[in-house]
Amino acid sequence: MVPYNLRALFNAMGGNDEVVPRLDSFFEELNAGPDSPHAWAGNEPGLEIPWEYDYAGAPWKTQKVVRRIQLELYTDGPQSYSYGEVPVISYLDPDRVVVAPGGSGRSKIASQNVTDSSQTVERSASAPSGIVLSPSSGSYTAPPAASGADTVTVSTSSGTPEGFYEIPIGLRSSDGTDLPDLVLRVVVAKPGSLLPYFNNTGISPDDDPGCANFDLVGWSYSAQALEAAGLAPGARVTHDGLAFEWPSVPPCQPDDRAAELLVGRHDARHPGQRDERAVRGQITITYTDGSTQTAQLGFSDWTLNGGGSRPSYG
């Protein structure tokens, strides 16, 4: 197998007309083991092989083989992927909605029917205080081997606090089968807020440190230690004459933006920190009148080398 130059390999084999039958023969068995000339889908290095049909001009055969693998080999996985146990596979599109206080947004609740008969999906949801899901219940139909969907609107009141919310959605098929629940995530944020762009959870309570992962290897800030230092959620912090608002986010929720600055991480509007070591780089500031200015931006290591160093900048 030459995984990085399939076209050259297939040309050397005599073209697509020679390759497709060989792939067909290969997939006569899906999980034959290491001593067989057929597929061994249980072995990770071979998981990409069904997509080689795409390069041989037969993409529909990729779909066919992947579906066979899902239905025949993954029966011990979650029920939503177990053929014969649930009739539909459900999902949200998108599964996260960003709305301003007093605003609204939309999402689609959809289901892929994996049976040969029409399926009706009944849904119900209970939104948290300050959030309204409309309609909160209903049903939709998924034709045989096809998908069906229902569109819902998420609304907030003008007084809904900024933050992260979850709306659990219960699903049931027309024959009474309980389907796996879905969770619609809602971010309430004022225009211009960085809250929707937070993509990392960096603060955890001392009794649940595993819920956050600031440095991407399992470590995070202690919520109790930060609060003792005056950095409770939403606190206003002044340093060197500049005022910053600490993210108004409870522990275990996304609270910072992981971004690259050379090899670093920074947040343009909040105090920044760098995992592993101090870093500095050049940034460009664009003003509302269109003019620009360059400046140096630097961050210290987030633990100050375990407390053994002083801040590198500021």
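Below, the figures for the structure above:
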{"quantity": "Condition met for GLU18 (surrounded by 10 or more Cβ atoms within 10 Å (Cβ to Cβ), under 18 Å from VAL66 (Cβ atoms) and not β-branched (Val, Ile, Thr))", "calculated": "no"}
{"quantity": "Residues of segment 58-107 that turn out to be modelled with pLDDT of 85 or more and among the aromatic types (Phe, Trp, Tyr), as a count", "calculated": "2"}
{"quantity": "Which listed residue is surrounded by fewer than 18 Cβ atoms within 10 Å (Cβ to Cβ), polar (S, T, N, Q) and assigned to a loop (DSSP other than H, G, I, E, B), from THR115, THR120, THR151, THR141", "calculated": "THR115"}
{"quantity": "Test: residue in segment 78-89 that is in a strand (DSSP E or B), acidic (Asp, Glu) and under 23 Å from GLY148 (Cα atoms)", "calculated": "no"}
{"quantity": "Flag for SER129 being more than 21 Å from the chain's Cα centre (by Cα), at pLDDT below 95 and within 20 Å of ASP95 (Cβ to Cβ)", "calculated": "no"}
{"quantity": "Hits in segment 250-266 (condition: modelled with pLDDT under 85 and either among the aromatic types (Phe, Trp, Tyr) or part of a loop (DSSP other than H, G, I, E, B) (or both))", "calculated": "ARG257, ALA258, ALA259, GLU260, LEU262, VAL263, ARG265, HIS266"}
{"quantity": "Check on LEU23, without any contact (Cβ under 8 Å) to a residue 24 or more places away in the chain, surrounded by 11 or more Cβ atoms within 10 Å (Cβ to Cβ) and in a helix (DSSP H, G or I)", "calculated": "no"}
{"quantity": "Members of segment 30-52 that are in a loop (DSSP other than H, G, I, E, B) and either farther than 16 Å from GLN70 by Cβ or among the aliphatic types (A, V, I, L, M) (or both)", "calculated": "LEU30, ALA32, GLY33, PRO34, ASP35, SER36, PRO37, HIS38, ALA39, ALA41, ASN43, LEU47"}
{"quantity": "Residue match in segment 168-179 (condition: touching a residue at least 60 places away in the same chain (Cβ under 8 Å), within 19 Å of the chain's Cα centre (by Cα) and surrounded by 20 or more Cβ atoms within 10 Å (Cβ to Cβ))", "calculated": "yes"}
{"quantity": "Unmet requirement for SER129, which otherwise passes all of (1) surrounded by fewer than 20 Cβ atoms within 10 Å (Cβ to Cβ); (2) touching a residue at least 12 places away in the same chain (Cβ under 8 Å)", "calculated": "(2)"}
{"quantity": "Matching entry among LEU216, LEU226, LEU195, LEU231 (being over 23 Å from GLU162 (Cα atoms) and aliphatic (A, V, I, L, M))", "calculated": "LEU216"}
{"quantity": "Close pairs from segment 44-56: first touching a residue at least 40 places away in the same chain (Cβ under 8 Å), partner loosely packed, with under 14 Cβ neighbours inside 10 Å and outside any helix (DSSP H, G or I), Cβ under 7 Å, at least 6 apart", "calculated": "GLU48/PRO3"}
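The values are calculated or read from the model by the stated rules, or taken from the named source; none is laboratory data. Every value quoted in this text rests on a predicted model; they were computed, and no experiment measured them. Neighbour counts are summed over all protein chains in view; Cβ atoms, including those assigned to glycine, are modelled from backbone coordinates with ideal geometry.
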